[in-house]
Amino acid sequence: MTLFVGRHVNKIDSKGRVSVPKPFRAALQAQGSQILYAYPLFKHAAIEACGEDFMARLSASLDDLDMFSDEQDDLAAIVLENAHPLGFDPEGRITLPKDLAEHAGIGAQVSFVGRGARFQIWEPKAYQANRATAFERAKARGATLKLRPDGGETEGGGS
């Protein structure tokens, strides 16, 4: 799978268009996606975006929750009801929907932030503040990550 990694800051033009970073467009194309889906990130004032495969996976995951449960209804309302399929113009730009831009407090610039299978779009100063807080939280709790075995490798790292 092609991943979204790195950070990029781009300006929004007078018509509300912003260029999606070339590596992110390439990742979407490698995934076979000609559009991206954008929806409000409910934990933060930001936007989350992904390709068609991840959106289908997200939708299927919602189907795993109990039908008619508050949890399923709430998450479907937050994500699926508020998702916007966004196509690219010939220059690789998208127009951020007004409701998403308002939710994220986006003005003249945006930060595109890779998150592996998806990416986020932030107002740059809000992103910097969130990044600093996340770094300090991870440092304070001594966060670690146990890597999944890679193909023939075992937990101990040998083959």
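Since every read-out is calculated from the coordinates, none of them should be taken as a lab result. The shown structure was predicted, so the numbers you read here are calculated from the model rather than taken from an experiment. Heads up, the Cβs are rebuilt from the backbone with ideal geometry, glycines too, and the neighbour counts pull from every protein chain shown.
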**Asked** Taking the Cα-to-Cβ direction at His8 and at His44 and moving 7 Å from each Cα, how far apart do the two end points lie in nm?
**Response** 1.8 nm
**Packing-based ranking, highest mean first, of 111-119, 59-67, 14-22 given that Cβ atoms within 10 Å are counted** = 111-119, 14-22, 59-67
**Residue-averaged 222 nm ellipticity for the chain, from DSSP H runs of 4+ at -39500 (n - 2.57), nearest 500** = -10000 deg cm²/dmol
**Item:** Option label - Rg/Rh (Cα atoms, Kirkwood Rh) computed here, alternatives (i) 1.03; (ii) 1.01; (iii) 0.96
**Value:** (ii)
**Message:** For Lys146, give me every one of the lysines with a C-alpha distance below 27 angstrom, ignoring sequence neighbours fewer than eight places off in its own chain.
**Reply:** Lys43
**Prompt:** Among the aspartates and glutamates, which have Cα under 12 Å from the Cα of Lys11 when same-chain residues fewer than 8 positions away are ignored?
**Reply:** Glu123
**Message:** Contact order normalised by length for the chain, with contacts defined as Cα pairs under 8 Å and 6 or more residues apart; what percent is it?
**Reply:** 31 percent
**Message:** Going by Cα centres, the stretch 89-124 and the stretch 31-71 are how many Å apart?
**Reply:** 16 Å
**Request:** Calculate how steeply helix 52-63 sits against the longest principal axis of the alpha-carbon atoms of the chain, using the helix alpha-carbon long axis, and give the answer as 0 to 90 degrees to the nearest 10.
**Result:** 70 degrees
**Complete:** The helix 124-140 Cα axis meets the longest alpha-carbon principal axis of the chain at an angle in degrees, between 0 and 90 and rounded to 10, of 20 degrees
**Listed residues Gln31, Ala77, Ser111: farthest to the positive end of the dipole of the stretch 10-159 (Cβ charges)** = Ser111
**Message:** Taking 22 Å as R0, compute the FRET efficiency from the Cβ-Cβ separation of Asp99 and Leu75 and round it to 0.05.
**Reply:** 0.75
**Complete:** Per the rule of 0.36 nm per residue minus the C-alpha distance, extending Ala134 to Gln109 adds in nm 6.8 nm
**Item:** HN-Hα J in Hz across the stretch 143-149 - Karplus 6.51, -1.76, 1.60, θ = phi - 60°, x for Gly and Pro
**Value:** 4, 10, 9, 8, 6, 5, x
**Fill in**
Going from the fewest other Cβ atoms within 10 Å to the most, one would list Ile78, Ile94, Ile47 as Ile78, Ile94, Ile47
**Request:** Mind checking the full-extension length gain between Lys22 and Ala56? Use 0.36 nm per residue of separation minus the Cα-Cα distance, one decimal, nm.
**Result:** 9.9 nm
